[in-house]
Each structure stands twice: as C-alpha cells, then as structure tokens.
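The structure's right below; bear with me while I get my questions together.
The values are calculated or read from the model by the stated rules, or taken from the named source; none is laboratory data. Note that the structure is a prediction, hence the values are computed from the model and not measured. As a convention, Cβ positions derive from the backbone with ideal geometry for all residues, glycine included, and neighbour counts pool all protein chains shown.
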Amino acid sequence: MTESRSDWWRHATIYQVYIRSFSDGNGDGEGDIAGLRTKLTYLRDLGVDAIWINPWYPSPLNDGGYDVANYRDIDPRFGDLAQAKELISEAHELGLKVVLDIVPNHSSSEHEWFKAALAAAPGSPERARYIFRDGKGPGGDLPPNNWRSVFGGPAWERITEPDGSPGQWYFHIFDVSQPDLDWSNPEVRDEFLDVLRFWFDMGVDGFRIDVAHGMVKDMTKPDLPYDESNLLASPKIADHPFFDRDGVHEIYRGWREIADAYDPARLFVAEAWVEPPERLARYVRDDELHSAFNFDYLKAPWFAAELRESIEQSMSVLGAVGAPATWVLENHDVERVVTRYGRPDSTGGTVRDRPDVREFDRQLGVRRARAAALLMLSLPGGAYVYQGQELGLHEVLDLPEESLQDPVWERSSHTERGRDGCRVPLPWTVDGPSFGFGANGSWLPQPDGWGEQAVQAQDGVAGSMLELYRSALAIRRENPAFVSTTMTWDDGLGPDVLAFHREPGFVCVANLGTEPVALPEHREVILASVPLTDDGRLPTDAAVWLRTV
Ligand code: NOJ
C-alpha cells in the first residue's frame, strides 16, 4: 500500500533543534532564532522535511525551557515574536515545516497563574489551576503522600501562605519550579486550546507534546511502592496515579479537532514514555494524535533480536490503528547514540539507565551509528534526527561539575549528572570562537577536539557522517519505496542480520554480527555505511541499501 506525499508527516524526517545549543546569532553564548535563521539553508540542504524547535517561550530555563512562564511569547534570550514569524515564513519558503513544543503538564513557577495562586487563599479559583493540597500530620507538616519527582526528591513542595504561615503543598512531577496544572479544571483545558490556536494562526505546522502521558491524575491514590535503590525510577504499575491515565485521550480528541480545522491540517507528535507498545498505540488512534515517538526502539541495544522485536511490535500495534511508526535514536533527554552503541554491551535506553558505565569506544560507536542511521531511515514511517546526530557527535561525559545545569544534578544530590552531555552547543567550524556556534563562547563548555566533528570538517568529505545523512535523506525523499507503509523481512541471512524489503525494489541489510555476510541478489548498491569487503560482502556493524529492480 502506498500513500500520497501530501500526508507529509507519515513519512517525514523531522530535525530537532535544541535552540539554546544550535546557533548563536547575537553572541551571548546561547543559541537563538537569529542563529537558527542563518542555518535554515543548511537544514534544507540536509534534506529534512521539517524542524521541531524545543521550547523557546519566556522561561527561567531551570529545565531547559520546559518551565514555561508565558505560552504566547518568546524568551528575549531567543528573540521575539516578530523574529519567530520571520523564521516561520522563511522556513516555509524553503519547503521546511515548523513544529513547536507545547508543555501542558506543568508551567513554570514564574507563570502569572502560579504567582496568582501563591497570592490567593486555599480553595480559591487561582489555586484550582494547580494541584494544591493540605499536608498530613500535625500542622500539615508532612507532604500529602510519598509520591516522588522524576528528577529526584519529593513531588510535593510546601508554600508559605500570604500571611507568612506555613501553608499548603503543591504537586510537581518534575522540578520544584514546574508546578503541575490541574487538567480537571476547564479553565486549564480552555487555556491550552487557545494557546494551540495562537501558534497555529501564526502558521506553525504542528506541536510535539511534552509529557503527553501526564496531565490527567488521580490524586486520591495511595502511596506508591518505590524502589529505595533507585528513587528516580517511577514504579511500573498499572493504573499509575499520574502517568498514562485513560482520561488523557479525551483531551487529545479535542486537540485533534482544532488541528483538523486548519488548512493544511496541523500535526501532533506525542512524547509519551509508556509501556507496552499497545498503550502507545492508544495515543495515535484515528481521532487522536498523529504520531508518537517510538521510545521502545530508542531503548533497544544494538542487537538484532531486540531491534527486530521492537520494529515488529511497533509496526503491528500502530498498524492496527492506522498510524505510522515514528523512529527516534536521540533527543535532548538521552545519551547520544555514538556513546550508547560504543559501549561494549551497546546500551540502549536513557542516560540515567547507565550512570555506572562512562567509557565507550568512539570509533565503534560511530561505525554502529552510521549503520543505525541507514536502518532507521529506511523503516516505514516518520523519523526524527536530533541536532548533531548528523555529525556523529558523542555524549560529553566529562563536563565540569560547576557547568552542569540539568535540575537532575541538584535534585539527585549530585549522584546523577543529568542530560547536559547531549546538549553541548554544535560545532559549525573547525576552529574559531566556540567552533562557529557564536561569537562569544557557549553556555555549556565544548570539549577539546569538538571542531574535528564540525559541519565545516565534514562538508563535502566523502565518507563523513554528514554526507551519509545527506545521501540517505536525498534517497529517502526520492525513492518511491520510501512512501510504502509496509516492509517484509528477508530471513535467511542469519540471526544477527536484519534484512527487509520495501516495494518497489528496495532492500536494507544491517549486519550486527561479528562476521561479514553475503548480500542478497541485487542490481545496485545505493548507499552503504562502510565500504563492502573486496568480495562484495557486508562487514560487521554495517548497513547497506540495495536496489533490486
Ligand atoms: C520531557 C522533556 O523532553 C524534558 O527535557 C523535560 O525535562 C520533561 N519533559 C519535563 O518537561
């Protein structure tokens, strides 16, 4: 079955711009809209269909902008609304769609609503936009329950009432500066419908939804059974009080109606860390969201059996609801794939899964990341590429402690370094101030040798990661097999080889084993992650795209 190219999101490649670290136009050490505008042609030439910009709203940036103080404006560090409009129209002129990030689960404690809630009395309409509760024990001195923040520490913070007395507690799944909104309050629901319209009216093509599995809560549930040896891990229980509750789907049906009322219809992609994949499929039912990141795939290690199982499961459960899969290997929350796959045991998963293992083999990681790129980019569905992934950047594991900004570092009492290592500003030039990121340094220190991986060092260089991505994305846009929604496994090349074909006439083979493998019959090698052996076999940790007709 094929589909029309106009359903662009079903097979789009979307490039994630972590704006603070992408390109600094005004020389203040932080990326911004001005910098991004100068790089739009780079993104067009890379061959992506759209960009997703991480939150750029006014924010204290306690959690990289996922602490929004005003949902209808731009943080002055990043620019202003006029520049945002220019950016959107310039991107559109270049054929690039623009997807923003919406953060509906919580606001910043700097948001006007939260300030009003603190100034108002318990039980007031101002407090009812958030989740305030009285404490337990004498004087209400104890938090309402034992629920914990996913960044560490309790999920409750006590406030001081306007009269100076110790007061109520408010709930925050993330940092203490990110109070959760109460989605049972119609005022909250209406507000976000209006925020969606605000940006859609400005021409924005879609939203990535932060913590799409949060929002709806059952605050009457009892204490949770935490694992005392890993207090950052949320208990994996059915009927979790604040994750993946059924009530969230009704919200998305309303959001979809709004998106569909625009011409062209706008897109949603869910960030929902839910298990098993059947639960994820519920978010992308016909009348809900269009797509959802496949974190199951991201979490799989570089082993054929695990990857195949994840691909099969996703294709089957998403196919059942008519949604495309959305493949992802990296984002601003997880360790870079070069680092994960460069470990002897080729770790999948998030940085916080492996705080114990710091060493990795960069050469091995790059080799596997090249193969992984060809594998991912040839699967049916959409794909996301995180800035710097196309350069083969690794996780910066040795950032000086004093430079760490992720709230996880403080809230874990300095036991978890957090996610800054994948957020180090991009190298554009081989040398010069901040390797071309900006004129005056960068908000996170860039490591020595960062310029060796710069765009300038790879541009036009045969065999570079950048050229591999450019070639792969060009083929992805032109080859008719890439709009088909199905794939068929080609077995027989051994348990460590992933091989599949898509019609018309396309085959991908990835060799995750230790020995070279002979390729199936083909007419032409379209693209290979490394040169084939002299006798035409595919070496270990490599992938190849073949034309068979
Ligand atoms: C997911 C975002 O990707 C992450 O960066 C953020 O810390 C949390 N949601 C909280 O908003």
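Just a yes or no: is a residue in the range 261-268 within 15 Å of residue 10 (Cα to Cα), surrounded by 16 or more Cβ atoms within 10 Å (Cβ to Cβ) and within 16 Å of the ligand (Cβ to nearest atom)?
Scanning the range 261-268 turns up at least one residue that is within 15 Å of residue 10 (Cα to Cα), surrounded by 16 or more Cβ atoms within 10 Å (Cβ to Cβ) and within 16 Å of the ligand (Cβ to nearest atom).
Restricting the search to the range 267-293, which residues are free of Cβ contacts under 8 Å to residues at least 40 places away in the same chain, under 28 Å from residue 257 (Cβ atoms) and touching a helix residue (DSSP H, G or I) at 6+ places or on another chain (Cβ under 8 Å)?
278, 280, 282, 284, 285, 287, 288
Of the residues that make up the range 270-279, is at least one within 16 Å of the ligand (Cβ to nearest atom) and among the aromatic types (Phe, Trp, Tyr)?
Kept after step one, since they are within 16 Å of the ligand (Cβ to nearest atom), are these residues of the range 270-279: 270-274.
Those still in the list that are among the aromatic types (Phe, Trp, Tyr) too: 273.
Yes - at least one qualifying residue is present in the range 270-279.
Something else about it: Kindly evaluate residue 28 against the criterion of being outside any loop (DSSP other than H, G, I, E, B) and away from the ligand (no atom under 16 Å from the Cβ). Explain how you work it out, then say what you get.
Working: outside any loop (DSSP other than H, G, I, E, B): no; away from the ligand (no atom under 16 Å from the Cβ): yes.
So residue 28 fails the test.
Can you confirm whether residue 48 is within 13 Å of the ligand (Cβ to nearest atom) and among the aliphatic types (A, V, I, L, M)? Give the derivation first.
On the way: within 13 Å of the ligand (Cβ to nearest atom): no; among the aliphatic types (A, V, I, L, M): yes.
Against the criterion (within 13 Å of the ligand (Cβ to nearest atom) and among the aliphatic types (A, V, I, L, M)), residue 48 does not qualify.
Within the range 331-347, is there a residue that is farther than 25 Å from residue 419 by Cβ, in the same structural domain as residue 212 (by TED's automatic domain parsing) and touching a residue at least 60 places away in the same chain (Cβ under 8 Å)? I'd like the intermediate steps shown before the answer.
To start, the set of residues in the range 331-347 that are farther than 25 Å from residue 419 by Cβ comprises none.
No - not one qualifying residue is present in the range 331-347.
Would you say residue 14 is in contact (Cβ under 8 Å) with a residue 12 or more places away in the chain, outside any loop (DSSP other than H, G, I, E, B) and in contact with a Leu (Cβ under 7 Å, 6 or more places away or on another chain)? Don't jump to the end; show me each part of the working.
Working: in contact (Cβ under 8 Å) with a residue 12 or more places away in the chain: yes; outside any loop (DSSP other than H, G, I, E, B): yes; in contact with a Leu (Cβ under 7 Å, 6 or more places away or on another chain): no.
Against the criterion (in contact (Cβ under 8 Å) with a residue 12 or more places away in the chain, outside any loop (DSSP other than H, G, I, E, B) and in contact with a Leu (Cβ under 7 Å, 6 or more places away or on another chain)), residue 14 does not qualify.
Residue 413 - would you say it is touching a residue at least 60 places away in the same chain (Cβ under 8 Å) and not in a loop (DSSP other than H, G, I, E, B)?
Numbers: touching a residue at least 60 places away in the same chain (Cβ under 8 Å): yes; not in a loop (DSSP other than H, G, I, E, B): no.
No: the conditions fail for residue 413.
Before we move on, is residue 191 charged (D, E, K, R), over 23 Å from the mean Cα position of the chain (by Cα) and assigned by TED's automatic domain parsing to the domain that holds residue 89? Explain how you work it out, then say what you get.
Numbers: charged (D, E, K, R): yes; over 23 Å from the mean Cα position of the chain (by Cα): yes; assigned by TED's automatic domain parsing to the domain that holds residue 89: yes.
Yes.
Right, here's the next one. Would you point out the residue of the range 222-245, among those that are touching a residue at least 24 places away in the same chain (Cβ under 8 Å) and more than 16 Å from the ligand (Cβ to nearest atom), that is nearest to residue 56 (Cα to Cα)? Step through it out loud before you land on a result.
Filtering the range 222-245 for residues touching a residue at least 24 places away in the same chain (Cβ under 8 Å) gives 222-224, 226, 231-232, 234, 236, 241-245.
Subset that is more than 16 Å from the ligand (Cβ to nearest atom): 222-224, 226, 231, 236, 241, 245.
Numbers: 222: 37, 223: 36, 224: 34, 226: 34, 231: 30, 236: 32, 241: 30, 245: 28 Å.
Selected residue: 245.
In the range 270-297, how many residues are crowded, with 16+ Cβ neighbours inside 10 Å and touching a Gly at 6+ places or on another chain (Cβ under 7 Å)?
The number of residues fulfilling the criteria is 1.
Restrict the check to the range 44-62 and report whether at least one residue is farther than 25 Å from residue 270 by Cα and either assigned by TED's automatic domain parsing to the domain that holds residue 96 or at pLDDT below 95 (or both).
Within the range 44-62 (the criterion being farther than 25 Å from residue 270 by Cα and either assigned by TED's automatic domain parsing to the domain that holds residue 96 or at pLDDT below 95 (or both)), the answer is yes, since at least one residue qualifies.
Given the conditions (1) more than 16 Å from the ligand (Cβ to nearest atom); (2) in contact (Cβ under 8 Å) with a residue 40 or more places away in the chain; (3) at positive phi, which single one is not true for residue 153?
(1)
What do you reckon, is residue 284 closer than 25 Å to residue 388 by Cβ and either touching a strand residue (DSSP E or B) at 6+ places or on another chain (Cβ under 9 Å) or within 16 Å of the ligand (Cβ to nearest atom) (or both)? Walk me through it before giving the result.
Working: closer than 25 Å to residue 388 by Cβ: no; either touching a strand residue (DSSP E or B) at 6+ places or on another chain (Cβ under 9 Å) or within 16 Å of the ligand (Cβ to nearest atom) (or both): yes.
The answer is no for residue 284.
Conditions tested, residue by residue: (1) more than 16 Å from the ligand (Cβ to nearest atom); (2) of a type outside the set (A, V, I, L, M); (3) assigned to a loop (DSSP other than H, G, I, E, B).
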position: 63; (1), (2), (3): no, yes, yes
position: 67; (1), (2), (3): no, yes, yes
position: 74; (1), (2), (3): yes, no, yes
position: 77; (1), (2), (3): yes, yes, yes
position: 90; (1), (2), (3): yes, yes, no
position: 98; (1), (2), (3): yes, no, no
position: 108; (1), (2), (3): no, yes, yes
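Which of the residues that make up the range 110-148 are over 26 Å from residue 406 (Cβ atoms), free of Cβ contacts under 8 Å to residues at least 12 places away in the same chain and assigned to a helix (DSSP H, G or I)?
Result: 116, 138.
Just one of the numbered conditions (1) in contact with a strand residue (DSSP E or B) (Cβ under 7 Å, 6 or more places away or on another chain); (2) under 30 Å from residue 474 (Cβ atoms) is not true of residue 41; which one?
Failing condition for residue 41: (1).
Looking at the range 416-445, which of its residues are within 16 Å of residue 339 (Cβ to Cβ) and either without any contact (Cβ under 8 Å) to a residue 60 or more places away in the chain or in contact with a Cys (Cβ under 6 Å, 6 or more places away or on another chain) (or both)?
420
Further question: Anything in the range 311-336 that is more than 16 Å from the ligand (Cβ to nearest atom), in a loop (DSSP other than H, G, I, E, B) and within 19 Å of the chain's Cα centre (by Cα)? List them, or say none. Let's see the steps before the verdict.
Initial filter on the range 311-336 (more than 16 Å from the ligand (Cβ to nearest atom)): 311-325, 327.
Narrowing further to those that are in a loop (DSSP other than H, G, I, E, B): 321-325.
Answer for the range 311-336, where residues must be more than 16 Å from the ligand (Cβ to nearest atom), in a loop (DSSP other than H, G, I, E, B) and within 19 Å of the chain's Cα centre (by Cα): 323, 324, 325.
Also, I was wondering about something else. Quick one: which of 207, 151 is modelled with pLDDT under 95 and not in a helix (DSSP H, G or I)? Steps first, answer last, please.
On the way: 207 fails: modelled with pLDDT under 95.
Exactly one of 207, 151 is modelled with pLDDT under 95 and not in a helix (DSSP H, G or I), namely 151.
Checking the conditions here, which among 22, 78 is touching a helix residue (DSSP H, G or I) at 6+ places or on another chain (Cβ under 9 Å) and under 23 Å from residue 458 (Cβ atoms)? Working first, answer last.
On the way: 78 fails: under 23 Å from residue 458 (Cβ atoms).
Sole residue among the options that is touching a helix residue (DSSP H, G or I) at 6+ places or on another chain (Cβ under 9 Å) and under 23 Å from residue 458 (Cβ atoms): 22.
Quick one: which of 511, 479 is under 21 Å from residue 311 (Cα atoms) and either within 28 Å of the chain's Cα centre (by Cα) or surrounded by fewer than 17 Cβ atoms within 10 Å (Cβ to Cβ) (or both)? Even if it seems obvious, please write down each step before you answer.
Values: 479 fails: under 21 Å from residue 311 (Cα atoms).
That would be 511, the only listed residue that is under 21 Å from residue 311 (Cα atoms) and either within 28 Å of the chain's Cα centre (by Cα) or surrounded by fewer than 17 Cβ atoms within 10 Å (Cβ to Cβ) (or both).
A follow-up question, please. Any residue in the range 25-42 that is closer than 13 Å to residue 425 by Cβ sitting within a Cβ distance under 6 Å of a residue that is assigned to a helix (DSSP H, G or I)? List the pairs, counting only those 6 or more apart or interchain.
Between residues of the range 25-42 that are closer than 13 Å to residue 425 by Cβ and residues that are assigned to a helix (DSSP H, G or I), the close pairs are 25/34; 25/35; 30/20; 31/19; 31/20; 31/21.
Residue check: is residue 414 away from the ligand (no atom under 16 Å from the Cβ) and at pLDDT below 95? Give the steps one after another, and end with the answer.
Details: away from the ligand (no atom under 16 Å from the Cβ): yes; at pLDDT below 95: yes.
Against the criterion (away from the ligand (no atom under 16 Å from the Cβ) and at pLDDT below 95), residue 414 qualifies.
I'd like the full set of residues that are touching a residue at least 40 places away in the same chain (Cβ under 8 Å) and not in a helix (DSSP H, G or I), limited to the range 447-463.
Selection gives 447, 454.
Here's a check for you: in the range 483-508, which residue that is at pLDDT below 95 and within 12 Å of residue 380 (Cα to Cα) is surrounded by the fewest Cβ atoms within 10 Å (Cβ to Cβ)?
Among residues in the range 483-508 that are at pLDDT below 95 and within 12 Å of residue 380 (Cα to Cα), the one surrounded by the fewest Cβ atoms within 10 Å (Cβ to Cβ) is 486.
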